[in-house]
Amino acid sequence: MQSFYRKRFARNPGSRRKGNRRNLRCHFGIIRIGRSRGSRKKLKERPELAFKFKLALALGRTVYELDQTMTSTELVHWMAYYRLFPFGSDRDNIHSAIIAATIANVNRGKNQQPFEAEDFMLKNQDEQREADTKSVLAFFGAHAVKKDD
């Protein structure tokens with residue numbers, strides 16, 4: 001006897017499951033979840049698109065709405081403003097790093113180098129991976145033993 005679950009959710013005998021086929025309907029069509037349209041690194045390759053998402057989040061609008069209502073000149077002005085006065089999670093990151101550096105400096109030893117806010121800044125994954133690679137290579141380079149022939 002089959003269980004309720006198997007009866008309720010049984011597939012047709014001739015059908016085959018082809019990966020993750022969940023779909024999401026939205027105002028501009030169907031998006032297949034789990035599948036990409038082209039390159040998976042669009043935000044990394046196109047910093048202006050990443051900035052549009054950040055700006056849309058800060059303004060409480062969608063990227064589509066920004067594209068429809070904002071001129072390219074206005075977008076460039078927003079980018080310049082962001083370079084001078086960062087907003088959103090980046091600004092929060094700066095504030096947290098300053099607080100963490102202050103606490104660490106209050107509790108450090110007398111002969112220890114003072115901490116700076118940059119020591120506590122969050123890095124994106126690519127920068128972190130590159131820094132980790134450099135530190136591992138430096139470690140092995142410093143501990144490498146030259147073999148005598």
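Throughout, read-outs are computed from the coordinates displayed, never taken from laboratory work. Everything quoted here is computed from the prediction, not taken from an experiment. Virtual Cβ from ideal backbone geometry, glycine too; neighbours counted across all protein chains shown.
Brief remarks on what is shown
- Proximal charge balance of Ala56 [Cβ under 10 Å; K/R count +1, D/E count -1]: +1
- Each 5 Å bin from zero up to the one holding the largest Cα-Cα distance in segment 39-85 carries the following percent of pairs: 5, 21, 30, 27, 13, 4, 0.
- Karplus-derived 3J(HN,Hα), 6.51/-1.76/1.60, for each residue of segment 81-88, Hz, glycine and proline x: 4, 5, 5, 7, 10, x, 10, x
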